[in-house]
Amino acid sequence: MVWKVSGDFLGIRLDPGDELLESIGKAVTDSGIGSGFIVSFVGALRKTRFTSILPFEGGFKYAPFREVEGAIEIVTGSGNIEPKEDGGVKVHVHAMLCIDDKEFTGGHLDDKGNIIGITAEIMVARFPMVREAPKGSFAPIKFN
């Protein structure tokens, strides 16, 4: 992994075998960015674990996590990084994926199980007012 800060932006390039969300969290922490939004995200995975929502009577629910291995192109992605009350950061990412050049799908990436295949390039914009939502809150982020 390589990262560089320029003003209020953090550029990250990940290498084969890197764990995606863990690496983003480490770069955000080590760089001092602290919190922000993923404004650009492309690359390729060799393994992914994600979920999306399904309709059910009265609303929506998350589908079971789906695990895929193969040639997985990250067509685009976005998300946010927020400080956790107990230290560290929470990385929340959604991505559009192309699997084995046959299927377009995507959704919420799990905290673990997203392994870089070739590379990934991520641009994070600093947004210092993002903080962890209170326990029991449905909203993933709060703004000061």
Solvent-accessible area per residue for the chain (1.4 angstrom probe, square angstrom) | 55
Fraction of alpha-carbon pairs over 23 Å apart in the chain - percent | 35
Length-normalised contact order for the range 54-113 - Cα pairs under 8 Å, 6+ apart - percent | 27
So, in nm, how far is label residue 47 from label residue 71 when the simple model puts each one 7 Å beyond its Cα toward the Cβ?
-> 2.0
Mind putting together the pair-distance distribution for the range 16-94? All Cα pairs, 10 Å bins, whole percent per bin, short to long.
-> 16, 40, 33, 11, 1
Using unit Cβ charges (K, R positive; D, E negative) and no other charged atoms, how large, in debye to the nearest 20, is the dipole of the chain about its Cα centre?
-> 340
Measure off, as a whole percent, the carbon and sulfur share of the 1.4 Å-probe accessible area of the chain, all protein chains present.
-> 57
Enumerate by residue number the GluC sites (Glu not before Pro) in the range 29-110 meeting two conditions: DSSP loop (anything except H, G, I, E, B), and at most 15 other Cβ atoms within 10 Å of the site's Cβ.
-> 57, 85
Rank these by accessible area, largest first, 1.4 Å probe: 21, 54.
-> 54, 21
Expressed as a rounded percentage, what relative contact order does the chain have, with Cα pairs under 8 Å and six or more residues apart?
-> 33
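The values are calculated or read from the model by the stated rules, or taken from the named source; none is laboratory data. If you're wondering where the values come from, they're calculated on a predicted model, not measured in any experiment. Heads up, the Cβs are rebuilt from the backbone with ideal geometry, glycines too, and the neighbour counts pull from every protein chain shown. In case anyone asks, the SASA skips ligands and DNA or RNA and just uses the protein heavy atoms, side chains included. Shrake-Rupley method; radii C 1.70, N 1.55, O 1.52, S 1.80 Å.
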